[in-house]
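J.: Structure incoming, see below.
Read-outs throughout are calculated quantities, based only on the coordinates presented, and are distinct from any laboratory measurement. Bear in mind the structure is a predicted one, so any value in this text is a computation, not a measurement. So basically every Cβ, Gly included, is an ideal-geometry build from the backbone, and we count neighbours across all protein chains shown.
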């Protein structure tokens, strides 16, 4: 039942945030590039199998700026909110990725995934914060632990219900993560528990800019064959 609940929750979230972008072309626009958020040959991305990428040099002094992926007339832009871009000085190169493919793997966004490699400065930490009392009732968050590129925490939710939640920089709303992507004002994610004291696993991949919620926690990998079981204990 835990696996079924997880799958249903993931499918509900995916259906809510699939963007279905157009054919492009797409540009990595923003104040990190110029004050007018221009779209020109200098920030035009290249499409390879549905993934638009580019290495864009910033002319700016060291500081905090904003950016996002957009078409030339602003009829499409991703993510929903602006994305932080931290520049170390003039000539700093920002690598952008915009994946328009559909990914049915339980991670969100499922499509139109925008991320840059200057969005999160070294040393930044994240927490989960949301409507449930166990996630701080929007007042204070629960610290996540970093393993590789993934921030995670498992929280037991006492009362069954449907709750909003998101990831944010610890004690700071200037950067946060929701089902529409990583930015300065991401959407709230939502999950539902149906029994008391349900473990819920929250995960955020800071490299890809994607998140997931597993109601029922994470089930350990099952050993499928006798040979594999013997190999574990050699």
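J.: Could you estimate the translational diffusion coefficient of region 15-128 from the Stokes-Einstein equation, with Rh from the Kirkwood formula over C-alpha pairs, at 4 °C and 1.567 mPa s, in whole µm²/s? Don't skip to the answer; put the middle values down first.
T.: Working: Rh = 14.5 Å.
In µm²/s, the coefficient is 89.
J.: What do you get for Rg/Rh of the chain when both radii come from the Cα atoms and Rh is the Kirkwood radius?
T.: Expressed as Rg/Rh, it is 1.02.
J.: Go ahead and estimate [θ] at 222 nm for the chain from helices alone: -39,500 (n - 2.57) per DSSP H run with n ≥ 4, summed, over the residue count, rounded to 500. If you can, show how the numbers build up before the last one.
T.: Numbers: 2 runs with 23 residues, N = 234.
For the chain, the value works out to -3000 deg cm²/dmol.
J.: In nm, to one decimal, how far is the modelled label at residue 149 from the one at residue 171, with both set 7 Å along Cα→Cβ?
T.: 2.9
J.: Just to be sure I understand the model, the point goes 7 Å from the Cα along the line to the Cβ. What's the resulting residue 73 to residue 159 distance in nm?
T.: 4.9
J.: Can you tell me the orientation of helix 2-17 relative to the chain, as the angle in degrees between its alpha-carbon axis and the longest Cα principal axis, to the nearest 10?
T.: Once rounded, the angle reads 20 degrees.
J.: Further, regarding this structure: Please compute the length gained on full extension between residue 138 and residue 101, using 0.36 nm multiplied by the number of residues separating them and subtracting their Cα-Cα distance.
T.: Numbers: separation 37, 0.36 × 37 = 13.32 nm, distance 3.29 nm.
Extra length from residue 138 to residue 101 when fully extended: 10.0 nm.
J.: Mind running the shape call on region 113-163? Use the C-alpha gyration tensor, a ≥ b ≥ c as the square roots of the eigenvalues: rounded below 1.5 for a/c, prolate if a/b tops b/c, oblate otherwise. Before the final figure, lay out the partial values.
T.: Working: a/c = 2.31, a/b = 2.12, b/c = 1.09.
Taking the square roots of the gyration eigenvalues as a ≥ b ≥ c, region 113-163 is prolate.
J.: Another question, then. Only counting other Cβ atoms within 10 Å, I'd like 118, 103 sorted with the fewest neighbours first.
T.: 103, 118
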